[in-house]
Amino acid sequence: MAGRERVVNRASSRAPRAPAGIALRTLGAIDAAGGDGVPLDGLLVRPKPLALLVYLVMGGAGRSPRRDSLVATFWPDSDAERARSSLRQAVYQLRRTVGAGVVTGRGEEVTVHEGGVTCDAVDFERRAASGDLAGALELYHGDFLPGFHIEGAPAFERWAEERRSQLRGLAASAARALRDAAAEAGDDAGAMAWSRRVLSIAPDDEPSLRRLVALLERAGDRAAAIGVYDAFVRRLREQYGLEPAAETVSAVSALRGGATSASGAPPLDVRRVLVTVFRNETGDAALEPFGRLMADAIAEGLLQLEGVRVVPFTGALATARHVDAVAAHAPATEWTRLAAEETGAGTVVSGAYYAAGSEVVAQGWIRNARTGEVLRALGPARAPVAAPLPAVEALRDEARTHLARELEARVLHVRAAGRARSYEAHSAYVEGMARFVSADWRGALEHLGRATTSDAAYALPLLVSAIAHWNLGELERAEGVVARAQPLVVAAGPFERALLDMVRAWLAGDWGAAYEAVRRQAAMAPGSIASFQVAEEARRRNRPREALQLLAAIDPSRGEMRGWVFYWVVMAQALHMLGEHTRELEVARRARALHPEAPIALRLELHARAALGDEAGVLACVEDRLAMPSREEPSPGTLMREAAHELLAHGSGRAVAETLLRESLAWFEELPGEAREQPAVARAIARARYEVGDWAGARLAFAHLAGDRVRVADCGAIHHPHLQGHLDHGYLGVIAIRRGDEDEAARIDARLERERGPHLFGSAQYWRAAMAALRGDADAAVRLLRRAFATGLPYEPFIHADPHFRSVRGVGAFEALLAPRG
């Protein structure tokens, strides 16, 4: 051993020596210099050796990574011998450039000598960890390795992006801590300086923007406060096409003297009325539903006033939840103002209820939202706690009568058919709606079921139940509920009839009728979630430009749309259909910022990056999903499959795509046995086997599943999984073609041609089109795909990336069929 060490030492003594103390700069810029300050140009012009040095210094694979690990990170596509040769060459170049004493390669390990290289990112983390936050931020001049990229090393790119995000987050947290410490010490100037530093690191940090605006206002510099805000709004609009949150708008609106600002906050319309949830002052939590019941009943009564636009009850619930979160203990006038700005309502009805022995006493107020002035006091109205509907009806009728005079509105027909006839039914409906607006479909169904049990003639809970079943993919149950609701809705009002028409159109796959039905709803309830639904139906009809125009008119930060991730889903899908992938990525990143724990938001970014050919970004998204604890779909296995399809559809990343398909199969097969036995997961495994070329294994699995005759949606579908075109016999058909078994393919094609029944949504014809495309028969593929659209297949995003149609991409008729229509 001693002899070997002497040989190594003699070899080292002949190598060029490093200038004392190599300095690496990686934050905000990339630079390397020796101890004498002379730039190491020989290193800077060689990206891969530079990347290797940074990776080693930052401990990317531990203190002394093994060669196999480095080869997999930097040369994954090379064979073992060539990759090891490349690593030896890179290490040799490093030793020649920075010195043999700095980088050593002994046996299977490659090491950077401790103290031989200093790195600003390493020093930044050390200072932050020691509590020297100000000292740490002196080193943070911007993102880690800005603009740096090396070809053919996706694992390195993924590691660099993760470290970039971690360091940025650490810097922002340090600046926030220093800001808070300065504020607690009464150092407003310091707090302002650190607030600006936070925003320079994390420009989307809206709470920090509000802190800075408040500090500037306190310092008497209103012009600077408004200037900072306006710059933030411009950036938000230019980069994301968005508006700031309501509380931000509210703060700056006060600065401007109450005038409507450039932020896009909705103007307050006195003919738009918000009825808020009444406040429970009884001290009895069991009476909590009464406040929601009161709000719903008064809102329903006001719908009978011609020309008065009432914020839907679902919007009132969402608004109350948000305003309570930001201003739960604010005075009534301030709470009213914030709620009004959320919804654009110029008139607000609010109230409270109290216990008086065995009675409940309710009182309300009608306020001018802008001034807070009470226009009319309502009640008090009294009723027994066990039967409180008389108090509800008394306040409802009084509010309707007063606003009819105040707003000079004519009272229309009373929609008695739409109302509950008992307190139990109405309160159960209200509780169901509270869960429905939170996307808790199962919880909503439980309460809505109680409502219809209490009052079998109550139409609204039935209609909402049908929508919940649709969202869960329980289509037969939705059909049954619709059949029960139909005779009741005939006598109800136009909104209920539009709801019924919408659900019936969905179940029939008639997207034109669904579009018209939701347009009627949106006209009756402007600013509600129905306006979003119009955009979604437009996208399903292959009208992505119209969808974008409709979405642009909706504020996703207010009312019912707040926290609604599907707003971003439809916007990103529309941009994907138009091929505007840079804008799509901006929308996806905004969605992830707002919904960091939602896998569906991550999916949007993955699709956008794949369309842009950003293989490293795609792999980073997959890694992010693997790190998420969420069990929601899309699962990591699903995202791997989708990433592969998107990369291939956009003509890039074949090697990466093939790796992802193999990893997708491995992920599903590593699930516990109980999970693998679930039909949706079993289908995912069968599909994954098919996509890695295991056609025999896939055929056996799909034949078994098809024999079960169980209609289960494809694993991974998030929103309306029944629209994703999955059919087990369809897979058996394409497998037969790939195996060259034309007899079996012909039998399956004939079976699909005969396939009849509800809720197919064009899937049988879709698979026949896929089989024709695999045969290379473009004319038949286009003809059958046109039939699929005609029989209920919506223009869903999975179609353009389906690998079965790869051979017909570029064919004029095929491209024309999928081209956006508006």
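The values are calculated or read from the model by the stated rules, or taken from the named source; none is laboratory data. Everything quoted here is computed from the prediction, not taken from an experiment. Cβ coordinates were reconstructed from backbone atoms using ideal geometry, including for glycine residues, and neighbour counts include every protein chain displayed. Heads up: the accessible areas ignore ligands, DNA and RNA and are worked out on the full protein's heavy atoms, side chains in. Shrake-Rupley method; radii C 1.70, N 1.55, O 1.52, S 1.80 Å.
Per-residue answers, yes or no, for (1) at pLDDT below 75; (2) in contact with a Cys (Cβ under 7 Å, 6 or more places away or on another chain); (3) open to solvent by 10 Å² or more (accessible area, probe 1.4 Å):
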{"site": "Ala223", "(1), (2), (3)": "yes, no, yes"}
{"site": "Tyr229", "(1), (2), (3)": "no, no, no"}
{"site": "Val233", "(1), (2), (3)": "no, no, no"}
{"site": "Gly241", "(1), (2), (3)": "yes, no, yes"}
{"site": "Asp269", "(1), (2), (3)": "no, no, yes"}
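Close contacts from the range 215-226, counting a first residue that is not assigned by the TED database to the domain that holds Val252 and a second that is surrounded by 14 or more Cβ atoms within 10 Å (Cβ to Cβ) and of a type in the set (A, V, I, L, M, F, W, C), with Cβ to Cβ under 6 Å and a gap of 6+ residues or different chains, come to none at all.
For the range 797-816, taking the residues that are aliphatic (A, V, I, L, M) and more than 19 Å from Ile735 (Cα to Cα), the one that is surrounded by the most Cβ atoms within 10 Å (Cβ to Cβ) is identified as Val811. Within the range 729-756, the residues that satisfy the criterion of being open to solvent by 50 Å² or more (accessible area, probe 1.4 Å) and under 40 Å from the mean Cα position of the chain (by Cα) are Arg738, Arg739, Arg751, Glu753, Arg754, Arg756.
Identify the single condition in (1) over 25 Å from Phe278 (Cβ atoms); (2) open to solvent by 30 Å² or more (accessible area, probe 1.4 Å); (3) at pLDDT 90 or above that Glu446 does not satisfy, given that it satisfies every other one. Against the list (1) over 25 Å from Phe278 (Cβ atoms); (2) open to solvent by 30 Å² or more (accessible area, probe 1.4 Å); (3) at pLDDT 90 or above, Glu446 comes up short only on (1). Annotation: of all residues in the range 642-671 being of a type in the set (D, E, K, R) and in a helix (DSSP H, G or I), the one that is farthest from Arg609 (Cα to Cα) is Glu669.
Out of curiosity, is Ala508 open to solvent by 50 Å² or more (accessible area, probe 1.4 Å) and more than 28 Å from Arg442 (Cβ to Cβ)? The answer is no for Ala508. Go through the range 24-54 and count every residue that is part of a loop (DSSP other than H, G, I, E, B), surrounded by 14 or more Cβ atoms within 10 Å (Cβ to Cβ) and among the β-branched types (Val, Ile, Thr). Summing the residues that are part of a loop (DSSP other than H, G, I, E, B), surrounded by 14 or more Cβ atoms within 10 Å (Cβ to Cβ) and among the β-branched types (Val, Ile, Thr) in the range 24-54 gives 2. Exactly one residue out of Ala174, Ala182, Ala189 is over 28 Å from Thr659 (Cβ atoms), in a helix (DSSP H, G or I), open to solvent by 50 Å² or more (accessible area, probe 1.4 Å) and touching a helix residue (DSSP H, G or I) at 6+ places or on another chain (Cβ under 9 Å), and it is Ala189. Within the range 637-659, if we keep just the residues that are within 16 Å of Ala688 (Cα to Cα) and of a type in the set (S, T, N, Q), the residue that is least open to solvent (accessible area, probe 1.4 Å) turns out to be Thr638.
Of everything in the range 449-467 that is among the small types (Gly, Ala, Ser) and at pLDDT below 90, the residue that is surrounded by the fewest Cβ atoms within 10 Å (Cβ to Cβ) is Ala456. Can you spot a residue in the range 321-335 that is open to solvent by less than 10 Å² (accessible area, probe 1.4 Å), of a type outside the set (A, V, I, L, M, F, W, C), touching a residue at least 40 places away in the same chain (Cβ under 8 Å) and part of a helix (DSSP H, G or I)? So far as the range 321-335 goes, no, none of its residues is open to solvent by less than 10 Å² (accessible area, probe 1.4 Å), of a type outside the set (A, V, I, L, M, F, W, C), touching a residue at least 40 places away in the same chain (Cβ under 8 Å) and part of a helix (DSSP H, G or I). Is there a residue being under 22 Å from His704 (Cα atoms) and among the small types (Gly, Ala, Ser) anywhere in the range 649-658? No: the range 649-658 contains no residue that is under 22 Å from His704 (Cα atoms) and among the small types (Gly, Ala, Ser). If you go through the range 789-820 and keep only what is closer than 18 Å to Met771 by Cβ and in a loop (DSSP other than H, G, I, E, B), you end up with Thr791, Leu793, Asp802, Arg809, Val811. Going by the conditions given, is Leu133 open to solvent by 20 Å² or more (accessible area, probe 1.4 Å), out of contact with any Phe, Trp or Tyr (no Cβ under 7 Å at 6 or more places or on another chain) and not small (Gly, Ala, Ser)? So Leu133 passes the test. For the range 468-499, the candidate set comprises residues that are within 22 Å of Leu293 (Cα to Cα) and touching a Phe, Trp or Tyr at 6+ places or on another chain (Cβ under 8 Å); within that set, the residue that is least open to solvent (accessible area, probe 1.4 Å) is Ala468. For Ser200, are the conditions met, namely being open to solvent by 40 Å² or more (accessible area, probe 1.4 Å), modelled with pLDDT of 80 or more and within 30 Å of Leu52 (Cβ to Cβ)? In short, no. With respect to the conditions (1) exposed (fewer than 15 other Cβ atoms within 10 Å of the Cβ); (2) assigned to a helix (DSSP H, G or I); (3) modelled with pLDDT of 85 or more, Arg6 falls short on a single one, namely (3).
Looking only at residues in the range 152-171 that are of a type in the set (A, V, I, L, M) and open to solvent by less than 40 Å² (accessible area, probe 1.4 Å), which one is nearest to Leu87 (Cα to Cα)? Selected residue: Ala153. Against the criterion of being crowded, with 18+ Cβ neighbours inside 10 Å, part of a helix (DSSP H, G or I) and at pLDDT 80 or above, Ala121 qualifies. Of the helices (runs of 4 or more DSSP H) that lie entirely inside the range 540-619, those containing 2 or more residues that are open to solvent by less than 20 Å² (accessible area, probe 1.4 Å) and small (Gly, Ala, Ser) span 565-578, 581-594, 599-611.
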